[in-house]
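The values are calculated or read from the model by the stated rules, or taken from the named source; none is laboratory data. Values in this document were obtained by computation on a predicted structure and should not be read as measured data. Every residue, glycine as well, gets a Cβ built from its backbone with ideal geometry; the counts of neighbours run over all protein chains shown. Heads up: the accessible areas ignore ligands, DNA and RNA and are worked out on the full protein's heavy atoms, side chains in. Shrake-Rupley method; radii C 1.70, N 1.55, O 1.52, S 1.80 Å.
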Amino acid sequence: PVRRIEVKGRVGDDPTVIVTPNEWTQGVRHGASYWLYVVVGAGQREPRLLRIQDPVRRLEKQADRLTVVKGWVLPGRAIEKVAEGRR
């Protein structure tokens, strides 16, 4: 059987990871053949390997979608209203 594996490593004991939009899409696309492997305590004496088959289906209700802030839009009217030295 085919096993598509995404591997994430964590130095500490918290297995929280960020999944990219592409990784999420691949998880949706490949379903049960897609696996998430999380190595917790990477680089330590006894790292743990957590394996999750079909992580999107199994974790989607607990997943928090990240919103990336690229900047802020400052409307021209608001700028004109608060600008010093306006006429």
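Worth pointing out:
- In this rough spin-label picture, where each label sits 7 Å from Cα along the Cβ direction, the R45-V69 distance is 4.2 nm.
- Nonpolar atom fraction for the chain, defined as the carbon and sulfur part of the 1.4 Å probe accessible area, stands at 53 percent.
- Once you divide the Cα radius of gyration of the chain by 2.2 N^0.38 Å, the number left is 1.77.
- Surface accessible to a 1.4 Å probe, V7 within the full protein complex, Å²: 90 Å²
- In the elastic network of the chain, a GNM with C-alpha springs shorter than 10 Å, the most mobile of P75, P55, P47 is P75.
- Cβ-based net charge around A32, under 12 Å, with every Lys or Arg adding one and every Asp or Glu removing one: +4
- In the context of the full set of protein chains, residues of the range 1-59 present 71 Å² of accessible surface per residue (probe radius 1.4 Å, heavy atoms only).
- A cut-off under 15 angstrom between Cβ atoms defines the neighbours of L59, and their net charge, with Lys, Arg +1 and Asp, Glu -1, is +1.
- Annotation: for a label point projected 7 angstrom from Cα along Cα→Cβ of V17, residues of the range 26-65 with backbone N closer than 13 Å are 27, 34-42, 48-56, 59.
- Counting only alpha carbon atoms, the long axis of helix 21-30 and the longest principal axis of the chain meet at about 40°.
- Each residue of the range 6-13 was assigned a 3J(HN,Hα) from its phi angle through the Karplus expression (A = 6.51, B = -1.76, C = 1.60, θ = phi - 60°), giving 9, 10, 10, x, 10, 6, x, 8 Hz with x at Gly and Pro.
- A simple packing score, the average count of other Cβ atoms within 10 Å per residue, orders the peptides 30-38, 12-20 as 30-38, 12-20, with the highest score first.
- Each DSSP beta bridge with both residues in the chain is either parallel or antiparallel, and the antiparallel ones are about 45%.
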